[in-house]
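Everything below concerns the one structure shown next.
The values are calculated or read from the model by the stated rules, or taken from the named source; none is laboratory data. Keep in mind the model is a prediction, meaning the values are calculated, not measured. Counting neighbours? That spans all protein chains shown, and the Cβs are built from the backbone with ideal geometry, glycine included.
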Amino acid sequence: MTRLNKFMMAVNKTNIFMGKLMVGVTLLAVAVITFEVLLRYVFNRPTNWGHETMTLLFAIFYCAAAGYAHYYRAHVRVDVFYSTRSVRTRAYLDLVTASFFFLFTCVFIYTSWNFYWSSQTMAGGGKIFGITVPGEMSFTDWAPPYYPIKFMMPLGGVLLLLQGIVWLIRDIHMAVTGREWT
């Protein structure tokens, strides 16, 4: 059980770290959009990078925070039915619905990896600091590469999958023994 506990602890800590890191990404996105709005409406000097940067930062947040949300079981469920049940019955219900969760997550990882990889291998012809960079680039004047942002999709999916495995282990333990995992 020691290895299993270490695995579960590592997954939990990784998702907590990513969640806390995403707080910083969110604050950065808010600062960027505040700066853009200030320049646009107060000084009439909009930037060509502000809105796109904010959109990309929120895309990173949205993808990378899924495992963190699942750690706290913050995803949507029908609480009218679920919350009135005992802890053991909830574990059984989670085990029944786990197949849908894992099917969705595996399909998400597969499709988002293909989405990322096609972006990574695209001949974008962009240059960053004079160095030719392969991969999909934005069509704006700023032209940031998109593939690092798109990589966050399969990474977030893997983190979500790993957190789902941790909850599956806990739910199996609760359903079998009637006790919380320690």
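Taking the criterion of being surrounded by fewer than 21 Cβ atoms within 10 Å (Cβ to Cβ), of a type in the set (A, V, I, L, M) and over 13 Å from residue 164 (Cβ atoms), the only residue of the range 57-73 that qualifies is 59.
The residue of the range 134-160 that is nearest to the chain's Cα centre (by Cα), among those that are surrounded by 15 or more Cβ atoms within 10 Å (Cβ to Cβ) and in a loop (DSSP other than H, G, I, E, B), is 146. Scanning the range 161-182 for residues that are more than 25 Å from residue 63 (Cβ to Cβ) and either touching a Gly at 6+ places or on another chain (Cβ under 8 Å) or outside any helix (DSSP H, G or I) (or both) yields a total of 5. The listed residues are 29, 91, and the only one of them that is under 29 Å from residue 108 (Cα atoms), at pLDDT 90 or above and assigned to a helix (DSSP H, G or I) turns out to be 29.
A quick yes/no check of all residues on (1) in contact (Cβ under 8 Å) with a residue 40 or more places away in the chain; (2) surrounded by 11 or more Cβ atoms within 10 Å (Cβ to Cβ); (3) under 23 Å from residue 142 (Cα atoms):
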site	(1), (2), (3)
9	no, yes, no
15	yes, yes, no
21	yes, yes, no
28	no, yes, yes
32	no, yes, yes
40	no, yes, yes
45	no, no, yes
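No other residue among 140, 111, 97, 84 is out of contact with any Leu (no Cβ under 9 Å at 6 or more places or on another chain), of a type outside the set (Phe, Trp, Tyr), at pLDDT 85 or above and over 25 Å from residue 10 (Cα atoms) apart from 111. So is residue 97 farther than 20 Å from residue 69 by Cα, of a type in the set (Ser, Thr, Tyr) and either out of contact with any helix residue (DSSP H, G or I) (no Cβ under 6 Å at 6 or more places or on another chain) or without any contact (Cβ under 8 Å) to a residue 12 or more places away in the chain (or both) or not? So residue 97 does not fit the description; no.
All of 42, 76 fail the test of being farther than 16 Å from residue 164 by Cβ and modelled with pLDDT under 95, apart from 42.
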